[in-house]
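Remarks on the structure that follows.
Bear in mind these aren't lab numbers, they're just calculated from the coordinates by the rules spelled out. These numbers were taken from a predicted model, which means no experiment stands behind them. Please note: Cβ atoms are built from the backbone with ideal geometry, for glycine as well, and neighbour counts cover all protein chains shown.
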Amino acid sequence: MSLHFIPNILSALRIVMVGAFVAAFFSDHPNNLLLALSIFITAGLTDVLDGYLARRFAWTSNIGKILDPLADKLMQCVVLISLAVKGLIPVWLPVIYIAKEFLMLLGALFVFKRRSVIAVSKWWGKMAVCVFYAAIFVIILFHEHLSKTSIQLISLVTIAVAIMAVVNYYIEYVKAKGKKITDLDACVEKKESI
């Protein structure tokens, strides 16, 4: 087996971890939340390793471009739904988050269809993921010691950062599209002047 399939294997493994998280989270095991949290963190670490290997050795593929974000978003949405079902977070958080992901999916499909701009990961997107993981870690580990107001505040900050990332990606897309149109106009003017 070629080594460049390793990132894809890690992404597929993260999808399997989604089911493992749900099974652990809703199990009758006395440490079910800690077990689920460890699975969640392991998935996050494999995501980091996946991205590093893909960038470091150029082990990228078309299927990897689908599997990687699919694994990430699936885990994030399932974790939020699970926490909401158990009453650990407000219901509005997964509702808004999933709606945000759906809008991003529509936007990605639009960009892919136009093929005018290639989406790349930016610092604000990475920051949103870090805030998300930190929020889930704190809520699962310390929910018994957190007040309802504190959990609401953590949820609000998490969704605000996520929305900020989406807005920044949209602004970046508009700028890139505008730059492409400007460059095209410049080429046309140059051609007409010859």
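Ranked for footprinting exposure by Cβ neighbours inside 10 Å, fewest first, Tyr52, Tyr97, Tyr173 give Tyr52, Tyr173, Tyr97.
For the listed peptides 149-155, 23-29, a ranking on the average number of other beta carbons within 10 Å per residue, highest first, reads 149-155, 23-29.
By the count of other C-beta atoms within 10 Å, a proxy for reagent exposure, Glu172, Glu144 are ordered fewest to most as Glu144, Glu172.
Panel order for Lys73, Lys86, by other beta carbons found within 10 Å of each beta carbon, from fewest to most: Lys86, Lys73.
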